[in-house]
Amino acid sequence: MKRSSFLKIGGLTFGALAAGHQQLLASLTQDPFTIKMLTPEIGVFTEKGGTILFYLSTEGMVVVDTEFPEQAKHLIAELNKKNDKGFKLLINTHHHGDHTGGNIEFKGMVPQLLAHVNSLKNQRNVAEAQKSSDKQYFPDKTFTDSHVEKVGSETIRFHYFGPAHTDGDALIHFEKANIVHMG
């Protein structure tokens, strides 16, 4: 192999490596999550696990589902930048860990955690089986068929239509915005 063609190939390889290195550095400095606002007050947070819906109310923030602890920390930090009213209500659509694992990060921050009665039962059963009850934050208020909460300008309706993905699935309807979150 001629030295000049080796250098040329080496130069291209080096250039490709440098470009790849820049892309890698850029990806390391980007946030690992995305936030998409659906209305000026309601948005979706996505990182790892279930999608989180949030509502930025003048009375406090409402969060539907929490993914995992690390992602919940990211969510809390970002929402605190967007609204200084604190958290008003936390909601779980069902018991799976990618929807409730981050609940613990909200403990002491939110006055109420609400879910379907079967979701609470399932969260407790899973935690007891895994011997992790001490690492959980369980709903302190439940509903059976339906429930309504008024927060700020939004009416939030909770619906249970029977077993689906689990036996505790709830549909959460933000009426004014006409947005439904199903977990």
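Listed highest first by mean packing, meaning other Cβ atoms within 10 Å per residue, what order do 152-163, 88-99, 42-53 come in? Before the final figure, lay out the partial values.
Numbers: 152-163: 15.4, 88-99: 23.7, 42-53: 19.6.
In descending order of packing, they fall as 88-99, 42-53, 152-163.
The mean of 1/r over all distinct Cα pairs in the range 31-89, once inverted, gives the Kirkwood hydrodynamic radius of 11.3 Å.
For residue 124 and residue 82 in one chain, what is 0.36 nm times their gap in residues minus the Cα-Cα distance, to one decimal in nm?
11.9 nm
Residue separation of residue 135 and residue 107 scaled by 0.36 nm, minus their Cα-Cα distance, works out to 9.0 nm of gained length.
In square angstrom, what is the accessible area per residue of the range 100-154 with a 1.4 angstrom probe?
Values: 2850 Å² over 55 residues.
Result: 52 Å² of accessible area for each residue.
Straight-line cross-link reach from residue 121 at under 18 Å between alpha-carbon atoms covers these aspartates and glutamates, not counting any fewer than eight positions away in the same chain: 65, 98, 134, 140, 145, 167, 169.
When the pairs 85/141; 150/176; 73/141; 82/135; 73/107; 81/141 are compared against a 19 Å limit on Cα-Cα distance, 85/141; 73/141; 82/135; 81/141 fall above it. A simple spin-label model places pseudo-atoms 7 Å from Cα toward Cβ; at residue 36 and residue 176 they are separated by 2.3 nm.
Give the shape of the range 56-183 as rounded, prolate or oblate, defined through the alpha-carbon gyration tensor: a ≥ b ≥ c are the square roots of its eigenvalues, a/c under 1.5 means rounded, and otherwise the shape is prolate if a/b is larger than b/c and oblate if not. Show your work: numbers first, answer last.
On the way: a/c = 1.95, a/b = 1.14, b/c = 1.71.
Taking the square roots of the gyration eigenvalues as a ≥ b ≥ c, the range 56-183 is oblate.
The values are calculated or read from the model by the stated rules, or taken from the named source; none is laboratory data. Being a predicted model, the structure only gives us computed values, none of them experimental. Cβ coordinates were reconstructed from backbone atoms using ideal geometry, including for glycine residues, and neighbour counts include every protein chain displayed. These accessible areas exclude ligands, DNA and RNA; they are computed on the full protein's heavy atoms, side chains included. Shrake-Rupley method; radii C 1.70, N 1.55, O 1.52, S 1.80 Å.
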